[in-house]
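Please read the structure below before turning to the comments.
The values are calculated or read from the model by the stated rules, or taken from the named source; none is laboratory data. Note that the structure is predicted; figures quoted are calculated from it, not measured. Note that each Cβ is placed from the backbone with ideal geometry, even for glycine, and that neighbours are counted across all protein chains shown. We work out accessible area using only protein heavy atoms, side chains counted, and drop any ligands, DNA or RNA first. Shrake-Rupley method; radii C 1.70, N 1.55, O 1.52, S 1.80 Å.
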Amino acid sequence: MALASEPHIHGVTGIDMQLPPEFEKLSLQFYSGILDDVETEAKLIDSVLSPFSNPQQRARLRSYLDEITRDHVDDRDLQEIWWSSSADTVFRDSAGLRELLKRLRDRL
C-alpha cells in the first residue's frame, strides 16, 4: 500500500522530522499479534529485520534508530514517533520501546 504522504514528527528536539521510509517499513512489521507469533525477543528481532537485506537501507535505519533512541529524544517524543508510524504493537512504556529499538539498531 502506497502512502500519499509520509507522516511528520513535530517536537523531536525542536526539529520537524519526517519518518524515513525504512522506519515505516520496520513499523509495518509490528502487526497486531506479532508478539503471539514469536517465542523470544531474538526471534522478534529476526522477524522484524528480515525485510532489510539492502545494506543502504540497513545503514539508514540504523542511523535513524540511533538518533531517536538518544537521550535528547524524550519518552513522549519517542512515543509520538512510534504512534505516527504504521505499527500496531503497543508498548506499555517508553523505556521498553526505547530498549527494543536500541536492540534492533545494534543488530543492523
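Here's a check for you: in the stretch 49-89, which residue that is in contact with a strand residue (DSSP E or B) (Cβ under 7 Å, 6 or more places away or on another chain) and among the charged types (D, E, K, R) is nearest to Glu24 (Cα to Cα)?
So, considering only residues that are in contact with a strand residue (DSSP E or B) (Cβ under 7 Å, 6 or more places away or on another chain) and among the charged types (D, E, K, R), the one nearest to Glu24 (Cα to Cα) is Glu80.
Of everything in the stretch 90-101 that's open to solvent by 50 Å² or more (accessible area, probe 1.4 Å) and not in a loop (DSSP other than H, G, I, E, B), which residue is farthest from Ser27 (Cα to Cα)? If you could, list the steps in order and put the result at the bottom.
Going through the stretch 90-101, the residues open to solvent by 50 Å² or more (accessible area, probe 1.4 Å) turn out to be 90, 92-93, 95, 99.
Subset that is not in a loop (DSSP other than H, G, I, E, B): 95, 99.
Working: Ala95: 17, Glu99: 15 Å.
For the stretch 90-101, the residue satisfying everything is Ala95.
Take the residues in the stretch 66-89 that are surrounded by fewer than 18 Cβ atoms within 10 Å (Cβ to Cβ) and over 12 Å from the mean Cα position of the chain (by Cα); name whichever of them is nearest to Arg103 (Cα to Cα).
Arg70
Considering only the stretch 18-37, I want to know if a residue exists there that is in contact with a strand residue (DSSP E or B) (Cβ under 7 Å, 6 or more places away or on another chain) and either in contact (Cβ under 8 Å) with a residue 12 or more places away in the chain or not hydrophobic (A, V, I, L, M, F, W, C) (or both). Before the answer, list the steps.
The initial filter retains those residues of the stretch 18-37 that are in contact with a strand residue (DSSP E or B) (Cβ under 7 Å, 6 or more places away or on another chain), namely 18-19.
Checking the rest, the ones that are also either in contact (Cβ under 8 Å) with a residue 12 or more places away in the chain or not hydrophobic (A, V, I, L, M, F, W, C) (or both) come to 18-19.
Among the residues of the stretch 18-37, at least one is in contact with a strand residue (DSSP E or B) (Cβ under 7 Å, 6 or more places away or on another chain) and either in contact (Cβ under 8 Å) with a residue 12 or more places away in the chain or not hydrophobic (A, V, I, L, M, F, W, C) (or both), which makes the answer yes.
From the list Ser53, Ser32, Ser47, Ser63, which one is exposed (fewer than 15 other Cβ atoms within 10 Å of the Cβ), modelled with pLDDT of 95 or more and touching an Asp or Glu at 6+ places or on another chain (Cβ under 8 Å)?
Details: Ser53 fails: touching an Asp or Glu at 6+ places or on another chain (Cβ under 8 Å); Ser32 fails: modelled with pLDDT of 95 or more; Ser63 fails: touching an Asp or Glu at 6+ places or on another chain (Cβ under 8 Å).
Selected residue: Ser47, the only one of Ser53, Ser32, Ser47, Ser63 that is exposed (fewer than 15 other Cβ atoms within 10 Å of the Cβ), modelled with pLDDT of 95 or more and touching an Asp or Glu at 6+ places or on another chain (Cβ under 8 Å).
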